[in-house]
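Report on one structure; see the data block that follows.
Values in this text are rule-based calculations from the coordinates and carry no lab data. Please read these numbers as outputs of a predicted model, since none were measured by experiment. Because the Cβ atoms are built from the backbone with ideal geometry, glycine has one as well, and the counts that use them run over all protein chains shown.
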Amino acid sequence: MKKTIITVFALLIAFGLTAQEGFYQTIEKNGKDAKYVGFFGIAPKGDGTYEVTSKENPITLSVNYTASGTPTGFTAIDTETNEERFSMDELSDYERLDSYPYATYIRHKQNSEGFMLIDDILLCFRKLYNDGSFKLDYIFVKEANGESQGGKKKKKKGFFSKLKAAYSFGPEHKKLTALNLDKVYSDYISAMKAKQSAYTLTAKDKAAIAEIKSIRDGENERIKKYNDSIYNSPAYRKARETRRLLEENAFVKVKNMLGRDIWVGGSGTNSILHKVSAGSVIKDMSCDENLYYRLSNSGSATPYSFYTANSNCGGMVTIK
């Protein structure tokens, strides 16, 4: 039993899983230059560990800040392409932390995608549900320390060593697949909930939360004003009127003055028929086809021609 405990503890130390910090605090603690090796093709084995079959380019993580220094989200940069890989930010309409300032995760309110950083491990969720269950998409593990040990100079790798390294998933993969990730996840959730419950928001925290909401609301108002200015501009009003006329001229109105209900459509037995009650008008019959009326809603009923294609687009035809 002691041996098992020591082994698990050694794995936790290897990953740095010894403290509970919030999402932003962990990014900052790991440093902006820290690289995280990516893995996908993830499948649970049923014992808390996961099988991982594919490797991704490394990323770096950074916190997004307002001009006043309030954290609002994060960005992941692909170190191979130097392009943004993914990001989330509370200044958007749907991406939110679960708590502030010590967040367990950041998640999209509608599609439930989310991210959680447990010390050295970034969990990228395809789905992170309210009940705590999840579906993993990717996992990124902070790159193992590549510096030489004891001040010894690294030996230069030969060709075959480099080739082997290129096809190896590396020490991060080995540690990740040996880790009981389900337990690490549940322990972290429990510890963070306790931390959040015990924490009291300070005046600075409340100001930061208000700032984020103010910026978000202000941006939405700015967008609305811009859209309204475009919508009400002379050019757009003219475009709307042109569109209205085009739409109107694509149809013909049919008025039924026969004194009984009729059904209007094409001549074929499979035509879609539209009921026109006695004395009423149907406004959206296509004007570019021949139209017929029937005295029942059966396609086999006798069709009576009353309109020739393109003869009165935008106008009205009365059946009497």
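Computed extension length for ALA144-LYS183: 11.9 nm, one decimal, from 0.36 nm per residue of separation with the Cα-Cα distance subtracted. For the chain, excluding the exposed loop sites themselves (chymotrypsin sites (Phe, Trp or Tyr not before Pro), DSSP loop, at most 15 other Cβ atoms within 10 Å), the longest remaining stretch covers 200-320.
Based on DSSP H segments of at least four residues, each scored -39500 (n - 2.57), the chain has a per-residue ellipticity at 222 nm of -10000 deg cm²/dmol. Counting only the backbone N, which residues of region 58-90 are under 18 Å from the spot 7 Å out from the Cα of TYR199 toward its beta-carbon? Those under the cut-off are 63-66, 69-74, 89-90. At most 11 other Cβ atoms within 10 Å plus a DSSP loop assignment makes a site exposed; report the longest stretch of the chain without any exposed GluC sites (Glu not before Pro). Formally, the longest exposed-site-free interval is 148-320. Would you mind checking the tilt of helix 203-231 against the longest principal axis of the Cα atoms of the chain, expressed as 0 to 90 degrees and rounded to 10? That helix lies at roughly 30 degrees to the long axis.
Against the chain, whose longest principal axis comes from its Cα atoms, helix 2-15 is set at around 60 degrees.
Its relative contact order, with pairs defined as Cα atoms under 8 Å and 6+ residues apart, puts region 250-319 at 41 percent. Answer rounded, prolate or oblate for region 172-232, using the Cα gyration tensor with square roots of eigenvalues a ≥ b ≥ c: rounded when a/c is under 1.5, else prolate when a/b is larger than b/c, else oblate. The shape class here is oblate.
As a rough footprinting exposure proxy, the listed residues ASP120, ASP137 were ranked by other beta carbons within 10 Å of their own, and the order from fewest upward is ASP137, ASP120. Remark: spin-label model distance TYR94-GLU289 equals 3.6 nm, labels positioned 7 Å along the Cα→Cβ axis. When +1 charges are put on Lys and Arg Cβ atoms and -1 charges on Asp and Glu Cβ atoms, the dipole computed for the chain relative to its Cα centre reaches about 520 debye. Counting only cysteine Cβ atoms and a cutoff under 4.7 Å, the chain contains unmatched residues CYS124. Extending 7 Å from the Cα toward the beta-carbon at both ILE223 and ASN57 defines two label points whose distance is 2.8 nm. According to the square roots a ≥ b ≥ c of the eigenvalues of the Cα gyration tensor, what is the shape class of region 250-319, taking rounded for a/c under 1.5, prolate for a/b larger than b/c otherwise, and oblate for the remainder? Taking the square roots of the gyration eigenvalues as a ≥ b ≥ c, region 250-319 is oblate. Return the FRET efficiency for the residue pair PHE306, SER280: r is the Cβ-Cβ distance, R0 is 25 Å, and the value is rounded to the nearest 0.05. After rounding, the FRET efficiency stands at 0.95.
Restricting the trypsin sites (Lys or Arg not before Pro) of region 59-120 to loop positions (DSSP other than H, G, I, E, B) with no more than 13 neighbouring Cβ atoms within 10 Å leaves LYS109.
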